[in-house]
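J.: Sending over a structure as structure tokens; questions will come in a sec.
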Amino acid sequence: MSTPELSPPRPAADALTAPFWDGCREHRLVIQRCRACGHYLHLPKPVCRFCLSTDLGYEAVSGRATLYTYTVAVQPFHPYYADKVPYLLATVELAEQPRLMLFTRLTECTEDDVRVGMPVEVVFDDVTPDLTLPLFRPAS
Ligand code: ZN
């Protein structure tokens, strides 16, 4: 009898967040955007926090960002990550709009390689056939 492979925790996609996760599976970073005022919104909301419009859609963005802050995770928050510590948890500010933040994990670098304010770019980690996570690496 074999042990089933350990699965990572999964996002609970709903009508608001499904376009984001669908975009990730297609290797596109898709962010909610207000059609009335043009502001991007993340996390997705039913109402624009800038103008209160409910006329909201989703658009692919460039995937370029700046490292806003990060921390080194040395304790796995879930058994799936036990063999992946230490890793870098980060908040990145997307290039499309000031204070448009995305919580992520840094990849292809170590703590010695990173500094707040550095340019980073999205890469997609196909964790399972139906789960792709947006990670960020130092921009090339
Ligand atoms: Zn708006």
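The values are calculated or read from the model by the stated rules, or taken from the named source; none is laboratory data. Worth saying up front: this structure is predicted, and the values here are computed from it rather than measured. All Cβ positions, glycine included, derive from the backbone under ideal geometry; neighbour counts span all protein chains shown. Keep in mind that these areas ignore ligands, DNA and RNA; they rest on the heavy atoms of the full protein, side chains included. Shrake-Rupley method; radii C 1.70, N 1.55, O 1.52, S 1.80 Å.
J.: Those residues that are part of a loop (DSSP other than H, G, I, E, B), open to solvent by 20 Å² or more (accessible area, probe 1.4 Å) and farther than 20 Å from residue 27 by Cβ, I need them from the range 112-140; list them, please.
T.: 115, 116, 117
J.: Further question on the same structure: Tell me which residues, restricted to the range 59-69, are crowded, with 18+ Cβ neighbours inside 10 Å and within 24 Å of residue 18 (Cβ to Cβ).
T.: 61, 63, 65
J.: For residue 20, all conditions in the list (1) modelled with pLDDT under 95; (2) surrounded by 18 or more Cβ atoms within 10 Å (Cβ to Cβ); (3) of a type in the set (Phe, Trp, Tyr) hold save one; what is the number of the exception?
T.: (1)
J.: Scan the range 30-52 for residues that are of a type outside the set (D, E, K, R) and within 10 Å of the ligand (Cβ to nearest atom) and report the count.
T.: Qualifying residue count for the region: 12.
J.: If I filter the range 53-68 for residues that are touching a Cys at 6+ places or on another chain (Cβ under 6 Å) and within 16 Å of the ligand (Cβ to nearest atom), do I get at least one hit?
T.: Within the range 53-68, one or more residues are touching a Cys at 6+ places or on another chain (Cβ under 6 Å) and within 16 Å of the ligand (Cβ to nearest atom).
J.: Among 127, 85, which is in contact (Cβ under 8 Å) with a residue 12 or more places away in the chain and either assigned by TED's automatic domain parsing to the domain that holds residue 38 or over 27 Å from residue 18 (Cβ atoms) (or both)?
T.: 85
J.: Here are some conditions: (1) without any contact (Cβ under 8 Å) to a residue 24 or more places away in the chain; (2) in contact with a Phe, Trp or Tyr (Cβ under 9 Å, 6 or more places away or on another chain). Residue 116 meets all but one. Which one does it not meet?
T.: Exception for residue 116: condition (1).
J.: Tell me which residues, restricted to the range 70-111, are open to solvent by 50 Å² or more (accessible area, probe 1.4 Å), of a type in the set (Val, Ile, Thr) and in a loop (DSSP other than H, G, I, E, B).
T.: Passing the criteria: 74, 110.
J.: Residue by residue through the range 23-39, note down the ones that are open to solvent by 20 Å² or more (accessible area, probe 1.4 Å) and either out of contact with any Leu (no Cβ under 8 Å at 6 or more places or on another chain) or closer than 30 Å to residue 128 by Cβ (or both).
T.: If the condition is that a residue be open to solvent by 20 Å² or more (accessible area, probe 1.4 Å) and either out of contact with any Leu (no Cβ under 8 Å at 6 or more places or on another chain) or closer than 30 Å to residue 128 by Cβ (or both), then 25, 26, 27, 28, 33, 36, 37, 38, 39 are the ones that fit.
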